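Peer 1: Following this message is one structure expressed as C-alpha cells.
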Amino acid sequence: MENEFPKLHNAMWPGIVGKGTEAEPVISFETLLDLTASTEVGGQRFDGVDLFLAEPHTSIDSTRDDLERLADAVAARGLVIGSLVAPVWPPVGGGSAMGSAEERDRFVLQVEKACRIGETLRRLGIRPSGVVRIDSAASVTDWDADPAGNTRLIIETFTRACDVAEAHGEQLAAEGEICWGGMQSWKKMLDVLEGVGRPDRLGFQADMAHTLLYTLGVNAEEDRILPAGFTWDQHALWQEALKRMTDALRPWTIDFHVAQNDATVKGSGSHEKTGRHCLPNDPNGKLDVVRDSAPWLRDGEGALTRRISHICWDGCMFPNDVMMMPGTWAEILAAMIRVRDAHGWRA
C-alpha cells in the first residue's frame, strides 16, 4: 500500500524568485496551481502547495475575503496550503534582522502579518500543516562587518518574531542557505537557533540543495566539513559529511525541501551566492535524492522521525520554458513519490 505521509507539496515562489524581466516574466499563481494540480504519476498527485506571501501572487496585506478566495481557488484544484514564506526582505516591505531598529521593526511586522495569514488559513480549513519561513534578510558581506554583534541582533529579532508566532499559534523555520548573513553555515545557523532557544517556535528548514553547500563551506570556509580537494566520486566522505551535518541540525528541522544540486553556486541580487537547483535526474546533480533525504527524515539509528507531515519541492531559478513543460513536474513528482515510498508512513 502507498504511504500517506509525508504529503507532497509544490512551491509557488519559483514563479516569482528570479523572475520579472522581459526574458523571464513572472509566472502567475493560477498557472502554477494548474501545472501542479494537473500533474499525475502512477495515479498519485501533489497534495498541496507552499506559498510566498508577496505580490503578484499573494499579498501580505490580504484581507479575510482575499484569503477566502485564495482558499477556494486552491481547494477547487484538490490541493491544500502548507508552509508560507514571510516577505522579510527590504524590496518586499521587510528589513534586515540585524539592521537599524526601524529595519528590525519592519522585519517583525512582516512576520506578524504572515502569521496572521497562516492562522486565518488554518481556521478556513485549507492549511492542515506548515510553518512560516524566515531568514535574516541580510547579506553575508554585511554580517562579516561585525559577526558577534550582528548575530546578537539576529537572535534578538528572531526572538521577537517567536513571540509574534506564539500569539498566532505558528512555528517559524529559518532557511539554511549560504547567502543569508548569520545563517551561511551549519555552525552559524546553530548559533542562531541555540541563541534564540525556542524550539517550540523557531526551527530549521532544510533544503537539500542549500545544505549540500554547507558541507563545502561556501561562504564559510572555516565551517566546511568535506576536505579541501574533495571530489564527488568519494562517496563515503560525502555520506560522512552529510551524517555529521544532519545529526547536528536534524533536532531543529521542522520543514524539508526535496531538491537537487550540481554543487555550483551563483549570485543574483540579494542572493550573493546560492545553490544551483537542478531537476532530480540532471546528469550534473550530485545528490541521490532518495538516499540523501534519509538522514533528514530518519534519526541517527535509521528510524523514521515522522516529524515532518509534508515535504516540498523547491526549484527556484528554473527558466520559464522548463517550468512550463508538464514533463518537468512529472519528473519532480516522481522523485518525491520515491522519497515518500522510501521514508514515509501510513496514518
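The values are calculated or read from the model by the stated rules, or taken from the named source; none is laboratory data. Since the model is a prediction, treat every value here as computed from it, not as a measurement. Every residue, glycine as well, gets a Cβ built from its backbone with ideal geometry; the counts of neighbours run over all protein chains shown. Heavy atoms of the whole protein, side chains included, go into the accessibility calculation; ligands, DNA and RNA do not. Shrake-Rupley method; radii C 1.70, N 1.55, O 1.52, S 1.80 Å.
Peer 1: For the pair ARG69 and ASP34, how long in nm is the line joining their label points, each one 7 Å along Cα→Cβ?
Peer 2: So the two model labels end up 1.8 nm from each other.
Peer 1: When only C-alpha pairs under 8 Å and at least 6 residues apart count, what is the relative contact order of region 158-309, in percent?
Peer 2: Values: 246 pairs, mean separation 32.5, N = 152.
This gives 21 percent for region 158-309.
Peer 1: Shifting gears a bit: Could you tell me the relative contact order of the chain? Use alpha-carbon pairs under 8 Å, at least six residues apart, and round to a whole percent. The partial results should precede the final answer.
Peer 2: Details: 687 pairs, mean separation 67.9, N = 347.
Computed value for the chain: 20 percent relative contact order.
Peer 1: Continuing with this model, one more query. Sort the following peptides by mean Cβ neighbour count (other Cβ atoms within 10 Å, averaged over residues), highest first: 157-165, 315-323, 232-240.
Peer 2: 157-165, 315-323, 232-240
Peer 1: With N denoting the number of residues in region 24-121, provide Rg(C-alpha) divided by 2.2 N^0.38 Å, to two decimal places. Don't skip to the end; give the middle numbers.
Peer 2: Numbers: Rg = 15.3 Å, N = 98, 2.2 N^0.38 = 12.6 Å.
Here the Cα radius of gyration is 1.22 times the empirical estimate.
Peer 1: Continuing with the same structure: Region 67-111: D in µm²/s via Stokes-Einstein (Kirkwood Rh, Cα pairs, 25 °C, 0.890 mPa s)? Numbers along the way, then the final one.
Peer 2: On the way: Rh = 12.1 Å.
Stokes-Einstein gives a translational diffusion coefficient of 203 µm²/s.
Peer 1: Of all accessible surface on the chain at a 1.4 Å probe, what whole percent is carbon and sulfur? List each step's numbers first, then the result.
Peer 2: Details: 6760 of 13320 Å².
Answer for the chain: carbon and sulfur cover 51 percent of the accessible area.
Peer 1: What's the local net charge at LYS7, with K and R +1, D and E -1, over the other residues with C-beta under 9 Å away?
Peer 2: On the way: positive: ARG340; negative: GLU4, ASP47.
So the surrounding residues net to -1.
Peer 1: Tell me the per residue accessible area of the chain using a 1.4 Å probe; a whole number in Å² is fine.
Peer 2: Numbers: 13320 Å² over 347 residues.
Normalised by residue count, the accessible surface of the chain is 38 Å².
Peer 1: For a quick check: with amide H placed at 1.01 Å from N, whose amide H comes under 5 Å from ALA259's, ignoring anything fewer than 5 positions away on the same chain?
Peer 2: Here MET208, ALA209 satisfy the definition.
Peer 1: Using θ = phi - 60° and the Karplus curve 6.51 cos²θ - 1.76 cosθ + 1.60, what whole-Hz ³J(HN,Hα) does each residue of region 31-39 get, with Gly and Pro shown as x?
Peer 2: 5, 5, 4, 5, 4, 5, 5, 8, 7
Peer 1: What is the calculated FRET efficiency for GLU240 to ASN3, with r their C-beta to C-beta distance and R₀ = 30 Å, to the nearest 0.05?
Peer 2: Working: r = 28 Å, r/R0 = 0.95.
That gives a FRET efficiency of 0.60.
Peer 1: Express in nm, to one decimal, how much length is gained between ALA167 and ARG346 on full extension, taking 0.36 nm for each residue of separation and deducting their alpha carbon distance. Show your work: numbers first, answer last.
Peer 2: Numbers: separation 179, 0.36 × 179 = 64.44 nm, distance 3.20 nm.
The span from ALA167 to ARG346 would gain 61.2 nm if fully extended.
Peer 1: Apply the Karplus parameterisation 6.51 cos²θ - 1.76 cosθ + 1.60, with θ equal to phi minus 60°, to every residue of region 176-188 and state each ³J(HN,Hα) to the nearest whole Hz, in sequence, with x for glycine and proline.
Peer 2: x, 9, 5, 8, 9, x, x, 9, 7, 9, 5, 6, 5
Peer 1: Specify which residue in the list PRO326, GLY43, ILE60 is farthest towards the positive end of the charge dipole of the chain, using unit charges on the beta carbon of Lys, Arg (+1) and Asp, Glu (-1), about the Cα centre.
Peer 2: Checked the options; the winner is GLY43.
Peer 1: Would you work out if region 140-277 is rounded, prolate or oblate? Take a ≥ b ≥ c from the square roots of the eigenvalues of the alpha-carbon gyration tensor; rounded if a/c is under 1.5, else prolate when a/b is larger than b/c, oblate otherwise.
Peer 2: Details: a/c = 1.88, a/b = 1.51, b/c = 1.25.
Cα axes put region 140-277 in the prolate bin.
Peer 1: For region 6-74, what value does the Rg/Rh ratio take when both radii are computed over Cα atoms and Rh is the Kirkwood radius, given to two decimals? Intermediate values should be presented prior to the final figure.
Peer 2: Numbers: Rg = 13.1 Å, Rh = 13.1 Å.
A ratio of 1.00.
Peer 1: Taking the alpha carbon gyration tensor of region 235-346, what are the square roots of 5 times its eigenvalues, largest first, to the nearest whole Å? Write down the numbers at each step before the final one.
Peer 2: On the way: eigenvalues 116, 65, 35 Å².
Working from the Cα gyration tensor, I get semi-axes of 24, 18, 13 Å.
Peer 1: Taking amide hydrogens as modeled 1.01 Å from N in the peptide plane, which residues meet the under 5 Å criterion relative to SER139, leaving out close sequence neighbours?
Peer 2: Those lying under 5 Å, H to H, from SER139 are GLY181.
Peer 1: Same structure again: In whole angstrom, and with the biggest value first, how far do the Cα coordinates of region 136-201 range along each principal axis?
Peer 2: The Cα atoms of region 136-201 stretch 34, 19, 18 Å along their principal axes.
Peer 1: Compute the relative contact order of region 131-186 as a whole-number percentage, counting only Cα pairs closer than 8 Å that sit 6 or more residues apart in sequence. Mind showing how you got there, number by number?
Peer 2: Values: 62 pairs, mean separation 32.1, N = 56.
Value for region 131-186: 57 percent.
Peer 1: Which value in Å does the Kirkwood hydrodynamic radius of the chain take, with 1/r averaged over all unlike C-alpha pairs and then inverted? Let's see the in-between values first.
Peer 2: On the way: mean 1/r = 0.0497 Å⁻¹.
20.1 Å is the Kirkwood radius here.
Peer 1: Considering the chain as a Gaussian network with a 10 Å cut-off on Cα pairs, which listed residue, ALA76, ALA335, ALA209, attains the greatest mean-square fluctuation?
Peer 2: Sorting by GNM fluctuation, first place goes to ALA76.
Peer 1: Using only the alpha carbons, work out the radius of gyration and Dmax of region 47-185 in angstrom.
Peer 2: Looking at region 47-185, its Cα Rg and Dmax stand at 15.3, 50 Å.
Peer 1: I've got another one for you. Kindly write out, for region 46-61 in residue order, the coupling ³J(HN,Hα) from the Karplus curve 6.51 cos²θ - 1.76 cosθ + 1.60 (θ = phi - 60°), rounded to whole Hz, with x marking Gly and Pro.
Peer 2: Result, rounded to whole Hz: 5, 8, x, 9, 10, 10, 9, 7, 8, 5, x, 7, 9, 5, 5, 9.
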